[in-house]
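Beneath this line is the structure, given in structure tokens, with notes to follow.
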Amino acid sequence: MPDREGVTHDDITRKKRALSRLVAFYRHQGTDHRGRSLDDIRAMSVDALEATHDFIQWLFPLPEPSSASADAPLLTPEDIRQFNADRMLRDELSRSLAVMLRFYGFASREHAGPGGVEIVRATGFAARGRIWLHPHSHNFLRITRILRALHLLGCADHAIALLGCLEDVYAEFPDTIGPRTIAFWRSARAAQESRRP
């Protein structure tokens, strides 16, 4: 029933959904806890991406609190629903993924086959790998976060493609990555598969 201004309960509910800090951030209508926009973070240099530890939680949110940033947003069931229902939000998530792929020395290619996307090592992989591909790298945790967020937020094809590329890297650098890390990366997919009816 509309009120005097013609606003219904459904209108209010929709507005509340749009006010999620995370969804507002991804719609370019809000900023993170430090006042950075989505575009600000995406424009960071690779050196800044390596040295800054409180942006990845905004680009790839999870339902659990972050041990690296107390100000990280928590992914809610409503956020998950909105990302899965809204192609624009998923496209923005794909753009965030592209930033991190460049950081790691990977590249994505869209194609018409199953999954529609492939992630491969880019020309600069060797140079980028020297930055992040070393034992106990904090970037291994970032990759786990990225894989999980992609699955949760409706970009499972990208997560599967990324895992395929990581499996290739692991085959070449098993001692650097280690069996525990690859198990975490694989578990992001296994957890998603177990949720399917």
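The values are calculated or read from the model by the stated rules, or taken from the named source; none is laboratory data. Predicted model, so just to flag it, every value in this text is computed and none were measured. Methodologically, a virtual Cβ is constructed for each residue, glycine included, from the backbone with ideal geometry; neighbour enumeration extends over all protein chains shown.
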*Under 7 Å between Cβ atoms, at least 6 apart or on separate chains: pull out the pairs that start in the range 85-113 with a residue that is more than 24 Å from PHE140 (Cβ to Cβ) and end on any residue that is of a type in the set (S, T, N, Q).*
LEU89/GLN82
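So, in the range 70-79, exactly how many residues are surrounded by fewer than 18 Cβ atoms within 10 Å (Cβ to Cβ) and within 30 Å of VAL169 (Cα to Cα)?
Taking the range 70-79 first, the residues surrounded by fewer than 18 Cβ atoms within 10 Å (Cβ to Cβ) are 70-71, 74, 76-78.
Among the residues that remain, those that are also within 30 Å of VAL169 (Cα to Cα) are: none.
Looking only at that region, the number is 0.
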*Name every residue in the range 57-81 that is closer than 20 Å to HIS33 by Cβ, outside any loop (DSSP other than H, G, I, E, B) and over 15 Å from the mean Cα position of the chain (by Cα), in order of residue number.*
GLU78
*If you check every pair at least six apart or on different chains, which have Cβ atoms under 6 Å apart with a residue in the range 157-168 that is farther than 12 Å from GLY115 by Cα and touching a residue at least 24 places away in the same chain (Cβ under 8 Å) first and a residue that is among the β-branched types (Val, Ile, Thr) and crowded, with 16+ Cβ neighbours inside 10 Å second?*
CYS165/ILE119
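Would a scan of the range 90-97 turn up a residue that is modelled with pLDDT of 95 or more, within 14 Å of the chain's Cα centre (by Cα), closer than 30 Å to ALA127 by Cα and small (Gly, Ala, Ser)? Write out each step before concluding.
Initial filter on the range 90-97 (modelled with pLDDT of 95 or more): 90-97.
This time we only want the ones that are within 14 Å of the chain's Cα centre (by Cα), so: 90-97.
Next cut, closer than 30 Å to ALA127 by Cα only: 90-97.
Still in the running and small (Gly, Ala, Ser): 94, 96.
Looking through the range 90-97, at least one residue is modelled with pLDDT of 95 or more, within 14 Å of the chain's Cα centre (by Cα), closer than 30 Å to ALA127 by Cα and small (Gly, Ala, Ser).
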_Looking for something buried (at least 16 other Cβ atoms within 10 Å of the Cβ), in contact with a Leu (Cβ under 8 Å, 6 or more places away or on another chain), closer than 19 Å to LEU162 by Cα and of a type in the set (A, V, I, L, M, F, W, C) - is there at least one such residue anywhere in the range 104-114?_
yes
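Find the residue count for the range 165-182, including only residues that are surrounded by fewer than 16 Cβ atoms within 10 Å (Cβ to Cβ) and assigned to a helix (DSSP H, G or I). Can you show your working first?
The initial filter retains those residues of the range 165-182 that are surrounded by fewer than 16 Cβ atoms within 10 Å (Cβ to Cβ), namely 167-168, 171-175, 178-180.
The next check asks that each one be assigned to a helix (DSSP H, G or I); those that pass are 167-168, 171-172, 174-175, 179-180.
Final tally of qualifying residues: 8.
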*Only one of these is buried (at least 19 other Cβ atoms within 10 Å of the Cβ), of a type outside the set (Val, Ile, Thr), under 16 Å from the mean Cα position of the chain (by Cα) and under 17 Å from PRO61 (Cβ atoms): LEU141, LEU101, LEU153. Name it.*
LEU153
*Which numbered condition trips up THR31, out of (1) modelled with pLDDT of 95 or more; (2) surrounded by 14 or more Cβ atoms within 10 Å (Cβ to Cβ); (3) within 24 Å of PHE140 (Cα to Cα)?*
(3)
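The rows are residues; the columns are (1) outside any helix (DSSP H, G or I); (2) of a type in the set (Gly, Ala, Ser).
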position	(1), (2)
LEU89	no, no
ARG95	no, no
ALA98	no, yes
ARG109	yes, no
ALA126	no, yes
ILE131	no, no
HIS136	yes, no
*Answer yes or no as to whether ASP54 is assigned to a loop (DSSP other than H, G, I, E, B) and touching a residue at least 24 places away in the same chain (Cβ under 8 Å).*
no
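For every residue, the table says whether it meets (1) surrounded by 12 or more Cβ atoms within 10 Å (Cβ to Cβ); (2) within 30 Å of PHE125 (Cβ to Cβ); (3) in contact with a Phe, Trp or Tyr (Cβ under 7 Å, 6 or more places away or on another chain); (4) modelled with pLDDT under 95.
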{"site": "ARG4", "(1), (2), (3), (4)": "no, no, no, yes"}
{"site": "LEU19", "(1), (2), (3), (4)": "no, no, no, yes"}
{"site": "VAL23", "(1), (2), (3), (4)": "yes, no, no, no"}
{"site": "TYR26", "(1), (2), (3), (4)": "yes, yes, no, no"}
{"site": "LEU38", "(1), (2), (3), (4)": "yes, yes, yes, no"}
{"site": "SER45", "(1), (2), (3), (4)": "no, yes, no, no"}
